[in-house]
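In what follows, a single structure is set out as structure tokens and then discussed.
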Amino acid sequence: MFENGNQSRWYQTWWGVTLAGLGLLLLVAIILIGATTIKYWWQLKNGQTTFFEANLKEFTASRTAGVKAKVDRSKLEISDDPYLGRESAPITIVEFADFKCPNSKASAPIIQEVARKFGYKVKIIVRDFPAESKFPGSSFLSQMAYCAQKQGKYWEMHRFLFENQDSLDDAFTADEVKTIAAKVGAEPNQLASCSFSDEAIREVKLDFLAGVEAGVVGTPTFFVNGQKVEGSLPYEVWSKYLESVK
């Protein structure tokens, strides 16, 4: 383009003005996002926000849009599932997990540490939510864990399954279950018989259906005194929240 015999500079053209405007908007967005992130980090570090306040509360609400706000805690916090912490604790955390889910695996040691430090004020219940379509064979792993629980070896099985997640097959023979039983200290024949039983299949399905009814769509999903929170959370977040609860 030419004006008065001179070629217009790029920023005087329509496309130049448009490009400059878009660049300015992008710069403003980056600055705002950065400022918000720094502010939240500073608040969390200095104890000026709790678990369900500010950004986390807004985040949780956005992740649960369309799901009924209230859940029936009596259907979530059942007494026959394995738990860590104090039975009569004022805070109950229900975790829906999948033994083949990498995020559930990442969350497992965090939850163990939470229970170790805050077991006097929290009860952590673990329930099964095997996503069989995504992780074939995950239902059977839950069945083995259920049967290990009947022998008082649930947490040994819990640890073994997550530690060996990457090498676990999609299907098991009775002899393979017996080998695993020996590694976790369970009676092999009982564990094998129970793991393939209708009882174990039914118990795992009941957990899964309870999760569906409560709005669980992925693992890990937590319910803290009935409040739904999705995804694996850092230990520091759990710690800040639990330290704030008197």
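What to note about this one:
- Rounded to the nearest Hz, the phi-derived 3J(HN,Hα) couplings of segment 144-158 under the Karplus curve 6.51 cos²θ - 1.76 cosθ + 1.60 (θ = phi - 60°) are 5, 5, 4, 6, 5, 4, 5, 9, x, 10, 4, 5, 5, 5, 3, where x marks glycine and proline.
- Segment 159-205, accessible surface, carbon-and-sulfur percent (1.4 angstrom probe): 46 percent
- Assuming charge only on the beta carbon of Lys and Arg (+1) and of Asp and Glu (-1), the dipole of segment 123-217 about its Cα centre is about 320 debye to the nearest 20.
- When only Cα pairs below 8 angstrom with a gap of at least 6 residues are kept, segment 76-147 shows a relative contact order of 42 percent.
- Of the listed residues 206, 233, the order by accessible area with a 1.4 Å probe, largest first, is 206, 233.
- Charge dipole (segment 82-173, unit charges on Cβ, about Cα centre) - positive-most of 141, 164, 82: 82
The values are calculated or read from the model by the stated rules, or taken from the named source; none is laboratory data. Values in this document were obtained by computation on a predicted structure and should not be read as measured data. All Cβ positions, glycine included, derive from the backbone under ideal geometry; neighbour counts span all protein chains shown. These area figures cover heavy atoms from the full protein model, side chains too; ligands, DNA and RNA do not enter into them. Shrake-Rupley method; radii C 1.70, N 1.55, O 1.52, S 1.80 Å.
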